[in-house]
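The values are calculated or read from the model by the stated rules, or taken from the named source; none is laboratory data. Nothing here was measured: the structure is a model prediction, and the numbers come from that model. When we count neighbours, we look across all protein chains shown, and the Cβ atoms used for this are built from the backbone with ideal geometry, even at glycine.
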Amino acid sequence: MKKRFIRYFNTASIMTAIAVSFIACSSDDIPKVNDDDNIPDESSYFHLIIGVGDDGNDGTFTQASKDIFKANQTITFVKYGFEVPSTRTARIIGSESGKYLYSLDYGGGTITKYLAEGGQKYSKYPSANQSTITVTSAIGTTNPRWGKVSEDMALLHNITTERVYSDEAGLDYDYTEAIASLVGVKLGGDNELSIGSVQKLIIPRTEEDIEKSLNIWRIDAPVVHNGKVYYGVAKRGYDPETGENISTKDYATTTLVADYPSLTNLKTISSTECKGENYGYRTPVNHLDEKGDIYQLVGNEVKATMLKISNETYDNSYAFDLSTALGQEVGALGWFYTGNGIGYVMYYDLQEGQDEAMSAWGVARVNVYTKTTFKMNIPYKLWLRQYQSGVIRNGKFYMALSPIGKDGAVFVFDPASESPDGYTKGATIDNQAGQFFIGIF
């Protein structure tokens, strides 16, 4: 007699991150780096964005400026700034020119497009009635994650799980099946938003998943190249005796791959050189370089390591150990790529941890081609767990950095400089208690 399988449905509540990447989450073409010839002056805003309250749950505020690189400017959110409407938090991505912001209402299941008009003035675009789309029915949750993969497209993603039992009574647990919901969102350029491909697919299990009884429960940080999209992955186990999920980093770092733009034909690839998750939390971890390779950062509660994906598989001859290079055990949740192998990693002291009270974070310049790195001389104790975005403009890289509850500054990094002091300070940024900078968009 054939055994009957009974499946119990369990939705993985997935926090959405802004996986905003300026060069990394690019189109199918190899990205053009530091090329601003096509950016019109009238739309080249920088958006400084803060979160308020615990993890930004009390509000998200933004303001648009063109002068953040000027040291004699002061930027404040005291009784100023546009509050981006949200149910829980607003997860924001921006256009490269700074003309538009796109906000995913995490908890509300809608996406709204805004036109920047300077200062705290933002208007719904193209009109109040045509600026917002509801994505809940397409993605199956009000709490998806998303990331921009080109100027024209963003991707929504969510994982649900079903526990599979091999007996009618549902007592003999077999394994947990992971289902990926993937949705394309057409950003529309100067037109309105719309939904693209909608897929709901079972994720293939690896031999390690079967052996260790693991399942994927979160994906994020999409990057597109050559007709494929690559998602970072987090896995976990399940204890049928207690009914509790098991948190673990003891698995080969894995990437989920799908055809693009159809979002079909799922497969996974795994590294032999690193263990742990690579989905990035709030910060991008996957970046496409000019040669067509993807460089991926792994480092949440494990030693920060850079990996390389080439020709749709991991290049297991490449592993860049940032802890060894920096002379300190460091973790990292994300990094930004500026071109020609150069980028900036937001690292933290693994012994101190990610906690806000420890402020154990810093910024390091990395060269993924030469496997070299050094710490930037930032004159603050930083907390960057929630930091999500920086901007490349005219060959420079802009970040908003400040200590918790204290004034900071816009830092204008020069990727061509090989000095720890390779930056200038722009505008002073007024930072109040209870707020933190999400980044520059």
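Observations on the structure shown:
- Scanning region 99-128 for residues that are outside any loop (DSSP other than H, G, I, E, B) and within 20 Å of the chain's Cα centre (by Cα) gives Y100, L101, Y102, S103, L104, D105, Y106, T110, I111, T112, K113.
- Some residue of region 198-210 being aliphatic (A, V, I, L, M), within 30 Å of D67 (Cβ to Cβ) and outside any strand (DSSP E or B): no
- Residue ID - surrounded by the most Cβ atoms within 10 Å (Cβ to Cβ), chosen from residues in region 311-351 that are of a type in the set (A, V, I, L, M) and in contact with an Asp or Glu (Cβ under 6 Å, 6 or more places away or on another chain): L350
- Which listed residue is at pLDDT 95 or above and in contact with a helix residue (DSSP H, G or I) (Cβ under 7 Å, 6 or more places away or on another chain), from T424, T428, T372: T372
- Of the strands (runs of 3 or more DSSP E) lying entirely inside region 129-184, those containing at least 3 residues that are surrounded by fewer than 23 Cβ atoms within 10 Å (Cβ to Cβ), at pLDDT 95 or above and within 26 Å of the chain's Cα centre (by Cα) span 132-134, 153-165.
- Elements of type strands (runs of 3 or more DSSP E) in region 229-293, at least 3 residues being within 19 Å of the chain's Cα centre (by Cα) and buried (at least 23 other Cβ atoms within 10 Å of the Cβ): 252-259, 286-288
- Breaking point among (1) touching a residue at least 60 places away in the same chain (Cβ under 8 Å); (2) of a type in the set (K, R); (3) within 21 Å of Y398 (Cβ to Cβ), for R365: (1)
- K308 vs. criteria part of a strand (DSSP E or B), touching a residue at least 24 places away in the same chain (Cβ under 8 Å) and surrounded by fewer than 21 Cβ atoms within 10 Å (Cβ to Cβ): yes
- Y380 vs. criteria in contact with a strand residue (DSSP E or B) (Cβ under 7 Å, 6 or more places away or on another chain), among the aromatic types (F, W, Y) and surrounded by 19 or more Cβ atoms within 10 Å (Cβ to Cβ): no
So that you can scan it fast, the table gives a plain yes or no per residue for (1) at pLDDT 95 or above; (2) under 20 Å from G395 (Cα atoms); (3) of a type in the set (A, V, I, L, M); (4) out of contact with any Lys or Arg (no Cβ under 7 Å at 6 or more places or on another chain):
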residue: M306; (1), (2), (3), (4): yes, no, yes, yes
residue: N316; (1), (2), (3), (4): yes, no, no, yes
residue: S323; (1), (2), (3), (4): yes, no, no, no
residue: W361; (1), (2), (3), (4): yes, no, no, yes
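- Within the set Q354, Q386, the sole residue that is within 17 Å of E301 (Cα to Cα), touching a residue at least 60 places away in the same chain (Cβ under 8 Å), within 23 Å of the chain's Cα centre (by Cα) and surrounded by fewer than 23 Cβ atoms within 10 Å (Cβ to Cβ) turns out to be Q386.
- Considering region 357-377, and only residues there that are farther than 25 Å from T428 by Cα and of a type in the set (A, V, I, L, M), the residue that is surrounded by the fewest Cβ atoms within 10 Å (Cβ to Cβ) turns out to be V368.
- Residue match in region 264-280 (condition: farther than 22 Å from T206 by Cα and hydroxyl-bearing (S, T, Y)): no
- Region 403-430: number of residues that are of a type in the set (S, T, N, Q) and without any contact (Cβ under 8 Å) to a residue 60 or more places away in the chain: 2
- One residue stands out in region 215-228 among those that are within 15 Å of E162 (Cβ to Cβ) and touching an Asp or Glu at 6+ places or on another chain (Cβ under 9 Å): the one that is surrounded by the most Cβ atoms within 10 Å (Cβ to Cβ), namely I216.
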